[in-house]
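Values in this text are rule-based calculations from the coordinates and carry no lab data. Keep in mind the model is a prediction, meaning the values are calculated, not measured. Note that each Cβ is placed from the backbone with ideal geometry, even for glycine, and that neighbours are counted across all protein chains shown.
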Amino acid sequence: MQPVPDWGTLPRMLRDQAARHPDAAVIDDGGKLVTMNGLLSAATEVTRGLMALGVAPGDRVALWGVNDRSWVERAFGVWLAGGVVVPLSSRYKGLEAAAVIRKTGSEVLLTGEGAQGVLLADLLPPRTGLRHTVVADTAPSGPPSGPPPGPPPGPPPGKARLTASELRARGAEVPVEAAEERALAVRPDDLCEIMSTSGTTGMPKGVMLDHAQVLRGYWDWAEIVTLGEGDRYPVIAPFSHGFGLNAGLVACVLRRATMTPIRVFTPDALMALVSTGRASILAGPPTLFHRLLDELDRGEWDVSSLRVAICGAAAVPPALITRLVERVGLERMINAYGLMEGTVVSMTRAGDPVEVVASTTGRPVPGVEIKVVDDRGEEVPAGVRGEILQRGYGVMRGYWDDPERTAEVVDEDGWLHTGDIGVLDTAGNLAIVDRKKDLFIVNGFNVSPAEVEALLLREGSLAQVAVVGVPDPAAGEAGWAYVVPRPGTAVDVPALLAWAKANMSNFKVPRRVIVVDALPVNANGKIDKLALRSRAGTHET
């Protein structure tokens, strides 16, 4: 494999790309093209604005919005300023966003509109610790004219609320030379991201990644994918997610591919992305590619541009791969495994037989070791299930401000205990067969039962909550909440679900709420979620 160039940091990478390939089209946002040089110029304006607001190297800056051109420009603006990007899901509601802002100590928020056109900054509760909130130019300068969905907003958060134009005006006071000096002072081992990941204890954890590991991980990922100049890559995964940010936004700039940020993906728009948008790289779950084939069966579409399909840690029916190769003319389909804490772990390669791509996530990427161990920590032979351990450059620097939880998952020898259950075959291919952790996945998003439980308890009518993941034909899995009312209180299930929809991301909202008198417990007095899952199997879905 071609080694990653000696950039060391994301700022140096962007500056070098803009100097050598200034006219390479790196973003196509609704037909508006941004070149590499244009991205550097726009990002530098953001950098100067942040410096004018007092953002110093190492400061955390939160980004909150849908996938669009401004998200890309702002992310690189933060990196050029030596700051650390803290992505907030556009699906977050105010309580969720405020929790991450407080946890990471972010004092500046760069935000825009949400998926429904709601000004996201207006969803924040007061007293988040922000010093400055920057909103889009189209946003009203005063209080909103009408309340957004959910609870009424508090007063505008932060000591100052600026529009993007006002941020640029403030930045004009900072010399360009000062911004260049700041960008060149960033070091490879400086943090570039703090990514939120679901955990089993209720509060999302902040995964710390540095510039060097992100550059290497996604350079190698792009090398295996064969992503390059001339490719058109719709980034469907949110930029707030590790895949959307690193295997989407960063990878495209690394390889001078043209990213198409997808604000809100709908399956009905899939064929337009490929046929009209001329997508050549497409990443998503198997259901995405089933839909593509179904549409081809129903009508004539030009899909000749599509050459690479990427799935992530999912079992892919062999017949699906065969049909994609034959019907679409794919050059390759890639299966891969990664996680926030471990960056890129394993990928299938060119020339792998259909059976390997369908049933495994391939072999470790260069610089990464994998082993599978039993409950005693002893390595198991090929073909035997066990927990997946990973070691190498991709392992996170730790959880933000949480050394105890870091020590629980990264041992003294540098092995990351992933909590995923897998099997290695004799050729070193890794299959993911289960999850050791208590997480479940809704439409590709990890959901922490403990986090959903903690949020639901804030509604006020519940004494206890237990959330479990249940197989779901549409979403893969769905959350079912078993709830115990507070003494003297009746639970209004529709009202509870309405509260949940107003206060948490849509994929976290339970599909069903079941009111019970008491929750089952095991011999240790802990809630018996195995019993609840078994009970869920007796209910009609």
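Find how many whole Å separate the alpha carbon centroid of segment 157-194 from the alpha carbon centroid of segment 1-30.
20 Å
If you keep only loop residues by DSSP, which chymotrypsin sites (Phe, Trp or Tyr not before Pro) in segment 285-361 have at most 16 other Cβ atoms within 10 Å of their Cβ?
301
Indicate, rounded to the nearest 5 percent, the antiparallel portion of the DSSP beta bridges found entirely in the chain.
Working: 50 of 84 bridges.
Roughly 60 percent of the beta bridges in the chain run antiparallel, per DSSP.
Hey, with R₀ at 41 Å, roughly what FRET efficiency would residue 472 and residue 21 work out to, going by the Cβ-Cβ distance, to 0.05? Present the calculation step by step, with values, prior to reporting the outcome.
Numbers: r = 45 Å, r/R0 = 1.10.
E(calc), rounded to 0.05, equals 0.35.
List the relative contact order of segment 337-463 as a percent without decimals, with contacts defined as Cα pairs under 8 Å and 6+ residues apart. Write out the running numbers ahead of the final one.
Working: 200 pairs, mean separation 26.9, N = 127.
Contact order relative to length: 21 percent.
How much length, in nm to one decimal, is gained on full extension between residue 375 and residue 118, taken as 0.36 nm per residue of separation minus their Cα-Cα distance?
87.8 nm
Normalised by the number of residues in the chain, what is the relative contact order in percent for Cα pairs under 8 Å and 6+ residues apart? The partial results should precede the final answer.
Values: 1144 pairs, mean separation 62.5, N = 541.
Relative contact order for the chain comes out at 12 percent.
Ranking 119, 50, 339 by Cβ neighbours within 10 Å, fewest first, what do you get? If you can, show how the numbers build up before the last one.
Details: 119 18, 50 30, 339 21.
Ranked by crowding around the Cβ, least crowded first: 119, 339, 50.
Shape verdict for the chain, please, from the Cα gyration tensor: rounded (a/c under 1.5), prolate (a/b greater than b/c) or oblate. Don't skip to the answer; put the middle values down first.
Values: a/c = 1.42, a/b = 1.08, b/c = 1.32.
Rounded.
Report, in whole Å, the centroid distance computed from the Cα atoms of segment 267-342 and segment 460-511.
33 Å
Can you return the aspartates and glutamates within cross-link range of residue 529? Criterion is Cα-Cα under 12 Å, with same-chain partners fewer than 8 residues away left out.
Those aspartates and glutamates meeting the cut-off are 438.
Distance check, please: which entries in 93/508; 205/501; 103/508; 205/508 exceed 18 angstrom between their Cα atoms? Present the calculation step by step, with values, prior to reporting the outcome.
Details: 93/508 11 Å; 205/501 22 Å; 103/508 20 Å; 205/508 16 Å.
Those over the limit are 205/501; 103/508.
Find how much the distance from residue 493 to residue 268 grows on full extension, using 0.36 nm per residue of separation minus their present alpha carbon separation; answer in nm with one decimal. Could you put the intermediate results ahead of the total?
Numbers: separation 225, 0.36 × 225 = 81.00 nm, distance 3.18 nm.
Value of the extension gain: 77.8 nm.
Apply the a/c threshold of 1.5 to the C-alpha gyration tensor of segment 1-76 and tell me whether it is rounded, prolate or oblate.
Working: a/c = 1.75, a/b = 1.17, b/c = 1.49.
Oblate, because a/c is 1.5 or more while a/b does not exceed b/c.
Between segment 94-108 and segment 208-235, what is the C-alpha centre distance in whole Å?
Going from one Cα centre to the other spans 28 Å.
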